[in-house]
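Structure, as structure tokens:
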Amino acid sequence: MNCFAKRVSVFLGGLLVLSFASFGTSAAPFGNPEDIAFGQKLWSALEMNRLVGEKAFHPMPYETAPPHGNIVETLDGRIDIDARNGVVIVKKNFGKRDETTVEQVADNPAKYMTSITVMFKRESGYDPKNKNWFWAKYFPNGSLMKNPKGMALAGRVAKGSDKACIACHAGAPGDDFVYIHDRYAE
Ligand code: HEC
């Protein structure tokens, strides 16, 4: 390859990388900087309301079917974020299937907690097709978990895909994306 051809191919390669990079950030329905920022704000609000963190209230844990933990705690109610009041559902997931017992989790939740999955009802227009839920999955210390592509699990996870939060919760009874009850069905 002569020098000119080489330069052209490097230039074209660069363009390709650039266009993929911008596709990745603008078209993704989750994991963008604004999703991450909102996910962090949500975590702080949950902590302030004692739904997560060291001072969190604990309901009695219960056993559940996959895909969430073997044993879970679920709490829900309303919290304020940016002066807007919205419904939040917090599910803490614990232990290893067939190994951990409800008694172990009740006695020592922090030791067995593996992740925290949260649904927060955003303003109308956020994601009308999916009832405006914001989805997030955190490590117990509050940092956001990522998918295998390195995208943070925060936002419209994973709108347009047949896997993950939205696709699976679309099958929940009451058409509200919530499995355990229909209290927030509209
Ligand atoms: C393959 C299906 C599936 C996927 C994927 C899934 N969930 Fe769930 N989720 C369920 C089921 C079933 C329940 C109810 C049973 C239970 O309590 O575990 C549930 C319960 C919940 C609840 C309690 C409210 C409710 O709907 O009952 C929250 C909050 C939640 N999931 C968040 C998430 C988040 C956030 C993600 C993605 C990071 C996610 N889920 C991915 C199936 C799924």
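The values are calculated or read from the model by the stated rules, or taken from the named source; none is laboratory data. Keep in mind it's a predicted model, so treat the numbers as computed, not measured. Note that each Cβ is placed from the backbone with ideal geometry, even for glycine, and that neighbours are counted across all protein chains shown. Heavy atoms of the whole protein, side chains included, go into the accessibility calculation; ligands, DNA and RNA do not. Shrake-Rupley method; radii C 1.70, N 1.55, O 1.52, S 1.80 Å.
Which ones in the range 106-125 are within 14 Å of the ligand (Cβ to nearest atom) and of a type in the set (A, V, I, L, M)?
Ile116, Val118, Met119
If you check Ala83, Ala154, which single one turns out to be in the same structural domain as Pro59 (by TED's automatic domain parsing), small (Gly, Ala, Ser) and under 16 Å from the mean Cα position of the chain (by Cα)?
Result: Ala154 is the single residue among Ala83, Ala154 that is in the same structural domain as Pro59 (by TED's automatic domain parsing), small (Gly, Ala, Ser) and under 16 Å from the mean Cα position of the chain (by Cα).
So is Arg183 closer than 23 Å to Pro66 by Cβ, at pLDDT below 95, of a type outside the set (Gly, Ala, Ser) and not in a helix (DSSP H, G or I) or not?
The answer is no for Arg183.
Gly142: touching a residue at least 60 places away in the same chain (Cβ under 8 Å) and either among the aromatic types (Phe, Trp, Tyr) or open to solvent by 50 Å² or more (accessible area, probe 1.4 Å) (or both), yes or no?
Against the criterion (touching a residue at least 60 places away in the same chain (Cβ under 8 Å) and either among the aromatic types (Phe, Trp, Tyr) or open to solvent by 50 Å² or more (accessible area, probe 1.4 Å) (or both)), Gly142 does not qualify.
Please list, ordered by first then second residue, the pairs with beta carbon atoms under 7 Å, 6 or more apart or interchain, first in the range 160-186 and free of Cβ contacts under 8 Å to residues at least 40 places away in the same chain, second of a type in the set (D, E, K, R).
Ile166/Arg156; Ile166/Lys159; Pro173/Asp182; Gly174/Asp182; Asp182/Asp176; Ala185/Asp175; Ala185/Asp176
Can you tell me which of (1) touching a Phe, Trp or Tyr at 6+ places or on another chain (Cβ under 7 Å); (2) within 16 Å of the ligand (Cβ to nearest atom) is the one Gly39 doesn't meet?
(1)
If you scan the range 74-105, which residues turn out to be within 12 Å of the ligand (Cβ to nearest atom) and of a type in the set (Ser, Thr, Tyr)?
Thr74
Here's a check for you: in the range 171-180, which residue that is in a loop (DSSP other than H, G, I, E, B) and more than 7 Å from the ligand (Cβ to nearest atom) is least open to solvent (accessible area, probe 1.4 Å)?
In this case the residue turns out to be Asp176.
Kindly indicate the residue of the range 145-170 that is crowded, with 17+ Cβ neighbours inside 10 Å and either near the ligand (Cβ under 10 Å from one of its atoms) or among the acidic types (Asp, Glu) (or both) and also nearest to Thr114 (Cα to Cα) among those meeting that condition.
Among those that are crowded, with 17+ Cβ neighbours inside 10 Å and either near the ligand (Cβ under 10 Å from one of its atoms) or among the acidic types (Asp, Glu) (or both), it is Leu153.
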